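Here the structure comes first, spelled out in structure tokens, and everything after it is commentary.
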Amino acid sequence: MRVLITGASRGIGASIANFFASQKNCQIALLARSLDTPSHSNLKGSLLDVVDQVQKKGSIAHPFQCNIKNGKDLEKTVDNVLKKMGGIDILVNNASMLMLNPNPSLKERDIVHNVNARATMICIDKCLESLEKNNGSIVTISPPINLENVDWIGNMPSYTISKYSMTLATIGVSNKVKANTLWPKRTIATSATKLLEEKGYSKTAFTNGRDPEEFASAVYKVAMRPYTGGMLLDEQVLEM
């Protein structure tokens, strides 16, 4: 099984890669900025770390260093992934940027949309032909669209709109391939949510967060099931 995971150098992406490797004999393309050292000095994890973890589980891992906010770089990298593995069976759109600023700068607005919305659309567009051919599956880590949740939309509009765009891009191809979105009902305990607590944005994001391996198991379940067009929460999937 050939799997492409974006944002795979640490956190949720690394957990997803390790879970797939523990379940099946896979070829896994790992895509992220951090090849051998973390892209942020206060975070841990790199692509080569995850390569080592995946290969110890008996699967094959291919690291692809890419800055996904650069659209041309991403297009070229996904082309290289498809060439290297001869196509893919599973696409996991995990890479994302968190934007808590309710009134970000123009540069910040561009980055959050390029990393979240545009990158997801590029990956889907580039991989769709191969996924259709191989009866493949897309799982995008983005929220169910809830237009009644005005507070969440209004408090962080740039972030929320970019995440809803990821959902729309995925559901938009659900009549062609198995394509679903998955979102944690509560936060996931990663180095990123730990940083949120340390910076005072939240008191419980890490402390009460779900184990990333549990979330990764939900991603795997969604990828392997036959349904399409679902905007799912992890708790729904884990209870199935």
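Values computed for the structure shown
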read-out: Rounded accessible area per residue of the chain, 1.4 Å, Å²; value: 48
read-out: Ellipsoid semi-axes in whole angstrom, largest first, where each is sqrt(5λ) of the Cα gyration tensor of the range 98-240; value: 26, 20, 13
read-out: Principal axes of the chain: Cα extent on each, largest first, Å; value: 43, 39, 39
read-out: When each of K176/K221; K133/K221; K69/K203; K44/K163 is checked by Cα-Cα distance, pairs over 28 Å; value: K69/K203
read-out: Where GluC sites (Glu not before Pro) fall in DSSP loop in the range 114-171, at most 13 other Cβ within 10 Å; value: E148
read-out: Among V3, S142, T187 the positive-end extreme of the charge dipole of the chain (Cβ point charges); value: V3
read-out: Using a Förster distance of 30 Å, the FRET efficiency for D151-K107 (Cβ separation, nearest 0.05); value: 0.70
read-out: Residue (of Q27, N116, S96) at the positive-pole extreme of the range 21-158, dipole from beta-carbon charges; value: Q27
read-out: Kirkwood hydrodynamic radius (C-alpha pairs) into Stokes-Einstein, the range 154-194, 20 °C and 1.002 mPa s, D in µm²/s; value: 176
read-out: Charge tally in the Cβ shell below 13 Å around P102, where Lys, Arg are +1 and Asp, Glu are -1, P102 excluded; value: -1
read-out: Net lengthening on full extension, L100/R225 (0.36 nm per residue, minus Cα-Cα); value: 41.7 nm
read-out: The range 1-95: relative contact order in percent, alpha carbon pairs under 8 Å with at least 6 residues between; value: 37
read-out: Packing-based order for 110-120, 47-57, 178-188, using average beta carbon neighbours within 10 Å, highest first; value: 110-120, 178-188, 47-57
read-out: Size of charge dipole - the chain - debye, nearest 20, with Cβ of Lys, Arg +1 and Asp, Glu -1, no other charges; value: 360
read-out: Label point distance in nm, K76-E235, each placed 7 Å from Cα along Cα→Cβ; value: 4.5
read-out: Expected 222 nm ellipticity per residue - DSSP helices of 4 or more, -39500 (n - 2.57), all of the chain, to 500; value: -13500 deg cm²/dmol
read-out: Approximate spin-label separation T207-K185, in nm, with each point projected 7 Å along Cα-to-Cβ; value: 2.2
read-out: Inverse of mean 1/r across different Cα pairs in the range 81-136, Kirkwood, Å; value: 12.9
read-out: Within the accessible area of the chain (1.4 Å probe), percent carbon and sulfur; value: 49
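The values are calculated or read from the model by the stated rules, or taken from the named source; none is laboratory data. Keep in mind the model is a prediction, meaning the values are calculated, not measured. For neighbour counting, all protein chains shown are included, and Cβ atoms are generated from backbone atoms with ideal geometry for every residue, glycine included. Surface areas here come from the heavy atoms of the whole protein model, side chains and all, with no ligands, DNA or RNA. Shrake-Rupley method; radii C 1.70, N 1.55, O 1.52, S 1.80 Å.
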